[in-house]
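Enquirer: Take a look at the following structure, please.
The values are calculated or read from the model by the stated rules, or taken from the named source; none is laboratory data. What you are looking at is a predicted structure, and each value in this text was computed from that prediction instead of being measured. Because the Cβ atoms are built from the backbone with ideal geometry, glycine has one as well, and the counts that use them run over all protein chains shown.
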Amino acid sequence: KAGVTQTPRYLIKTRGQQVTLSCSPISGHRSVSWYQQTPGQGLQFLFEYFSETQRNKGNFPGRFSGRQFSNSRSEMNVSTLELGDSALYLCASSAMGQGENGYTFGSGTRLTVV
Amino acid sequence: GQNIDQPTEMTATEGAIVQINCTYQTSGFNGLFWYQQHAGEAPTFLSYNVLDGLEEKGRFSSFLSRSKGYSYLLLKELQMKDSASYLCAVSSGGSYIPTFGRGTSLIVHP
């Protein structure tokens, strides 16, 4: 079956702009979690969506937001980009939330803010 | 919050055995996960421990001691392709959302 698809793979934006990233989970998976990965901080949890509802949220400012559609596809949006937002953004798919089978991650979107 | 510690980097020889340790401090422990991440790629799920003891999966094994807040990932018969970052993640509390350690970069040399 198809894996987790994230688009775009690479993105370059200017400070102050906004960006939208997309994630299509594995068919049948209803939980989508988003993580930010940087060399200094590692993987940091952004938020989790389940059946179109935000179920959990990490400690990121309100500039980071997301949503999930009825087909389980999810988008995350970052407004008023800052240089520090440069990172790899990973989407993780699971049936109900991470359990004994863990997450399946997408290949990520590498965002560079200049 | 949670505190997860792993060594930053380890090196080992092809064919050898390596043990990557992970210590954590948390309340309401639910489970511990190990992921492998090759450079430029997505993390891939390796193992899940919820009870004390050793879980074996081919060349990889993972151990958990909840009372000590300690886990290790054991890699046997190392291959060059095992060169990667290994991430320890702990799930706790009602949300089951895992917190990841910063990862251990393993370098396997001939």
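Enquirer: Does B:LEU46 qualify as being assigned to a strand (DSSP E or B) and in contact with a strand residue (DSSP E or B) (Cβ under 6 Å, 6 or more places away or on another chain)?
Expert: Yes: the conditions hold for B:LEU46.
Enquirer: Right, here's the next one. Going by what's in this entry, would A:THR112 be described as β-branched (Val, Ile, Thr), in a strand (DSSP E or B) and either more than 14 Å from every other protein chain (Cβ to nearest Cβ) or in contact with a His (Cβ under 9 Å, 6 or more places away or on another chain) (or both)?
Expert: Against the criterion (β-branched (Val, Ile, Thr), in a strand (DSSP E or B) and either more than 14 Å from every other protein chain (Cβ to nearest Cβ) or in contact with a His (Cβ under 9 Å, 6 or more places away or on another chain) (or both)), A:THR112 qualifies.
Enquirer: Further question: Taking the stated definitions as given, is A:SER27 among the polar types (S, T, N, Q), over 17 Å from A:GLY102 (Cβ atoms), part of a strand (DSSP E or B) and away from chain B (no Cβ under 14 Å)? Can you show your working first?
Expert: Values: among the polar types (S, T, N, Q): yes; over 17 Å from A:GLY102 (Cβ atoms): yes; part of a strand (DSSP E or B): no; away from chain B (no Cβ under 14 Å): yes.
No, not satisfied.
Enquirer: Pick from the range B:91-110 the residues that are more than 10 Å from every other protein chain (Cβ to nearest Cβ) and part of a strand (DSSP E or B): which of them is nearest to B:THR26 (Cα to Cα)?
Expert: Applying the filter and picking the extreme gives B:SER92.
Enquirer: For the range A:51-100, what are the residues that are surrounded by 13 or more Cβ atoms within 10 Å (Cβ to Cβ), among the polar types (S, T, N, Q) and in a loop (DSSP other than H, G, I, E, B)?
Expert: Across the range A:51-100, the qualifying residues are A:SER72, A:SER79, A:SER86, A:GLN98.
Enquirer: What single numbered condition from (1) at pLDDT 95 or above; (2) facing chain A (nearest Cβ under 8 Å) fails to hold for B:GLY69?
Expert: Looking at each condition in turn, B:GLY69 falls short on (2).
Enquirer: Is there a residue in the range B:6-17 that is surrounded by 20 or more Cβ atoms within 10 Å (Cβ to Cβ) and in a strand (DSSP E or B)? First the steps, then the outcome.
Expert: Residues of the range B:6-17 that are surrounded by 20 or more Cβ atoms within 10 Å (Cβ to Cβ), as a first pass: B:6.
Pick out the ones that are also in a strand (DSSP E or B) and you get none.
No, that holds for no residue.
Enquirer: Are any residues in the range A:72-94 within 14 Å of chain B (Cβ to nearest Cβ) and in contact with a Gly (Cβ under 7 Å, 6 or more places away or on another chain), and if so, which ones?
Expert: Correct list: A:LEU88, A:TYR89, A:LEU90, A:CYS91.
Enquirer: If you don't mind, another one. Out of the residues in the range B:18-49 that are among the small types (Gly, Ala, Ser) and more than 14 Å from chain A (Cβ to nearest Cβ), state the one that is surrounded by the fewest Cβ atoms within 10 Å (Cβ to Cβ). Steps first, please.
Expert: Quick first cut of the range B:18-49, residues among the small types (Gly, Ala, Ser) only: B:27-28, B:31, B:39-40, B:42, B:47.
Keeping just the survivors that are more than 14 Å from chain A (Cβ to nearest Cβ) gives B:27-28.
Working: B:SER27: 8, B:GLY28: 10.
Looking at residues that are among the small types (Gly, Ala, Ser) and more than 14 Å from chain A (Cβ to nearest Cβ), I get B:SER27.
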